[in-house]
Structure formats: structure tokens, C-alpha cells
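Participant: Take a look at the following structure, please.
The values are calculated or read from the model by the stated rules, or taken from the named source; none is laboratory data. Computed from a prediction, not measured in an experiment: that's the story for all the values here. Glycine gets a Cβ as well: all are built from the backbone with ideal geometry, and neighbour counts include every protein chain shown.
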Amino acid sequence: MAHEHEALAAALLQFGPLYRSWVEQCAPVDCQGARVRLLTMLYHKPSLPMGFYARILGISKAHMTTVVDDFLAADLVTRSHDTHDRRAVLLCLTDKGRVQAAAVWEQWVTQSALAFADISAAEKEVFLAVCGRVSERMKGTSCPLQDTSC
């Protein structure tokens with residue numbers, strides 16, 4: 001049983017970064033890492049506080065500020081203050097940012113389809129179900145990504 005747990009841990013440690021870097025290599029924009037992931041997060045979950053995005057991306061507030069400043073300079077995002085919490089700064093994509101984020105997301109979907117091209121529909125269903133269950137388990141643990149809104 002211990003060997004099985006070690007094999008699962010090793011698979012997760014390898015799979016997450018491998019998948020992310022594989023998809024990011026083909027990003028249709030000139031950004032990688034946290035930058036390209038932030039674009040897709042803003043595309044699917046707009047108008048949330050910067051701190052939320054930083055926690056989910058696993059980056060420091062200082063790094064997040066640097067990324068956001070770069071995005072502001074490139075006219076990809078806007079910043080606004082939360083009317084309910086003066087300390088919170090909300091991020092939204094600009095029209096230009098939405099176009100780039102849509103292109104990034106389309107590329108992620110295309111690359112994912114290629115990764116699963118030779119996998120049967122039944123195996124894809126099992127993979128989706130297992131990923132969903134593992135995600136729910138991880139959200140329920142004392143993990144740094146405990147925020148259940150993601």
C-alpha cells in the first residue's frame with residue numbers, strides 16, 4: 001500500500017508541471033508561467049481580488065504585483081478597488097486581454113485534445129471523474145490552496 005501511495009505522489013508531482021509546461025510552450029502570446037495562467041484564470045473567473053489569483057497561482061503578492069503591472073502596461077487588465085473591501089484590488093481583462101486570454105484558452109483546449117487523441121471515450125470519462133474526485137479531496141484538506149471557490 002505504501003508503494004502505491006508513493007507512486008501516486010510521484011505521478012502527481014510529475015504530471016502537473018509536465019502538463020502545464022507542455023501546454024504553455026505553445027501559448028500564442030509572449031508570456032509563460034504565472035502570466036499565461038493568470039490570463040486563463042481572468043478569462044474564466046474575472047473581477048476577483050489580486051490576492052485570490054496570487055494564492056491560486058502559488059505566487060507571492062510581490063510577484064503578483066509585478067505580473068499585474070506588466071499586464072497594465074500591455075493594456076491586458078484593469079485594476080479597480082472593491083466597493084465592499086477597500087483593501088482589495090479587483091482585476092478585469094480589457095478587450096485586448098480577453099482576445100489574448102481566449103487565444104490562450106483555445107490553445108490549451110487544442111493541446112489537451114492532442115494529448116488525449118488516442119485515449120478512448122470511456123478512459124477519458126474515468127480520467128475526468130478521478131480528477132474531479134481528487135480535486136474535491138484536495139480542496140477539503142489543509143493544503144495551501146484550500147480556497148474552495150477555485
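Participant: Could you say which residue among ARG87, ARG79 is farther than 19 Å from GLN32 by Cβ and surrounded by 12 or more Cβ atoms within 10 Å (Cβ to Cβ)?
Facilitator: Result of the check over ARG87, ARG79: ARG79.
Participant: Another question about this same structure. Kindly check whether there is at least one residue in the range 46-69 that is part of a loop (DSSP other than H, G, I, E, B), at pLDDT below 95, surrounded by 14 or more Cβ atoms within 10 Å (Cβ to Cβ) and hydrophobic (A, V, I, L, M, F, W, C).
Facilitator: yes
Participant: Could you give me the residue pairs with C-beta distances under 6 Å whose first residue belongs to the range 127-150 and is under 21 Å from TYR53 (Cα atoms), whose second residue is exposed (fewer than 12 other Cβ atoms within 10 Å of the Cβ) and modelled with pLDDT under 80 wherever it lies, and which are 6+ apart or on separate chains?
Facilitator: LYS139/THR148
Participant: Looking at (1) more than 16 Å from the chain's Cα centre (by Cα); (2) free of Cβ contacts under 8 Å to residues at least 24 places away in the same chain, can you tell me which one ALA115 breaks?
Facilitator: That leaves (2) as the condition not met.
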